[in-house]
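The values are calculated or read from the model by the stated rules, or taken from the named source; none is laboratory data. Quick caveat, the model's predicted, so the values are computed rather than measured. Positions of Cβ are backbone-derived with ideal geometry, glycine not excepted, and every protein chain shown enters the neighbour counts.
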């Protein structure tokens, strides 16, 4: 066994085993019909994601790195990201075959990890770990759509959140990351000037959003962009996708909203959505610290006392449930619970270099995708950090996404 980076090798192996156990747990109650069903027309069947996770590991580690022959070549077109259409992906091999394929690939991958030159390959391994984590979240919201929203228990006995705003003074700020796990779209970090702004201490809650609904927010075009109003009218949208009246969840963040809905609420409230640089500064800027901290609470990896993530709770929590997770600026709930829309288009930073292939990020630098930040209650720890960027079209609301406002 190679002596290089023994701690990293052992930690990586432990992370990969933990991630796989969490992936398989999502399928504990998934029957064969649901496994193959296309739950939503814009997304692949949940079972396809398992095959794709295995195929991607086999492609990058076993074929590209280890030089081993292709496994299951007859299914390459099915499980590659740019092969069949999403509706065609319902024609899956049996669930048992896919689970066996997943295990066969993983066994060979872990064998190779014992001798892999991590000095050259570590970034790729952590990219694959996050790749599986991201597909976990897609599986999670598809099953959430299919099974219906979990019954939310009554809120914890917490004081009402003080919905004030935090003033962030003008300064330079190091945005992005060059840490090992940073994706290509987070790189390279660079110093940017950010003018003074204010941002809400918490994400918008269900009680606050109820006031927007009650004020006729979905019936008044003045609050909406032209594209947003057309979308709302054509789709007959009158409330968030996962909406329940907030009698027992008034302090939970609203989620299942499109970018259009978030921007309309902000306009109604006399505010706006923050840019992604404002969001990241509010989350991870520490006055007097030359480098940005990776998490609002500091350098420690996410833990259950910091935020609501990785299905630890199984649904949203009140926005003021995690005092240990607040940022140096005083913002709460910036990682986990719900993703947050920003006002920014998804584009590459100056000096962007695609990794490990162009299609991962650069294909979406089209001016049509909006950036989300923060993670949700289903986001795994490997994709939870202040610099992480997620992106979707502005009309998508199946994901666990909410927002907070700025001025």
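Just give me the residues in segment 59-87 being within 16 Å of residue 47 (Cβ to Cβ) and more than 26 Å from the chain's Cα centre (by Cα), in sequence order. Scanning segment 59-87 gives 72, 75.
Would you call residue 367 assigned to a loop (DSSP other than H, G, I, E, B), at pLDDT 95 or above, closer than 30 Å to residue 326 by Cβ and not assigned by TED's automatic domain parsing to the domain that holds residue 20? When the stated conditions are applied, residue 367 does not pass them.
Every residue, every condition in (1) assigned to a loop (DSSP other than H, G, I, E, B); (2) within 14 Å of residue 135 (Cβ to Cβ); (3) in contact (Cβ under 8 Å) with a residue 40 or more places away in the chain; (4) not assigned by TED's automatic domain parsing to the domain that holds residue 379, yes or no:
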{"position": "13", "(1), (2), (3), (4)": "no, no, yes, yes"}
{"position": "18", "(1), (2), (3), (4)": "no, no, no, yes"}
{"position": "22", "(1), (2), (3), (4)": "no, yes, yes, yes"}
{"position": "42", "(1), (2), (3), (4)": "yes, no, yes, yes"}
{"position": "48", "(1), (2), (3), (4)": "no, yes, yes, yes"}
{"position": "62", "(1), (2), (3), (4)": "no, no, yes, yes"}
{"position": "67", "(1), (2), (3), (4)": "yes, no, no, yes"}
{"position": "74", "(1), (2), (3), (4)": "no, no, no, yes"}
{"position": "92", "(1), (2), (3), (4)": "yes, no, yes, yes"}
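Of all the criteria given as (1) at pLDDT 95 or above; (2) surrounded by fewer than 19 Cβ atoms within 10 Å (Cβ to Cβ), the one not satisfied by residue 199 is (2). For residue 377, the requirement of being buried (at least 16 other Cβ atoms within 10 Å of the Cβ) and under 14 Å from the mean Cα position of the chain (by Cα) is met.
Tell me, please, whether a residue that is surrounded by 15 or more Cβ atoms within 10 Å (Cβ to Cβ) and in contact with a helix residue (DSSP H, G or I) (Cβ under 8 Å, 6 or more places away or on another chain) can be found in segment 319-326.
There is no residue in segment 319-326 that is surrounded by 15 or more Cβ atoms within 10 Å (Cβ to Cβ) and in contact with a helix residue (DSSP H, G or I) (Cβ under 8 Å, 6 or more places away or on another chain).
A single entry from 357, 392 fulfils the requirement of being free of Cβ contacts under 8 Å to residues at least 12 places away in the same chain, surrounded by fewer than 24 Cβ atoms within 10 Å (Cβ to Cβ) and farther than 28 Å from residue 286 by Cβ: 357.
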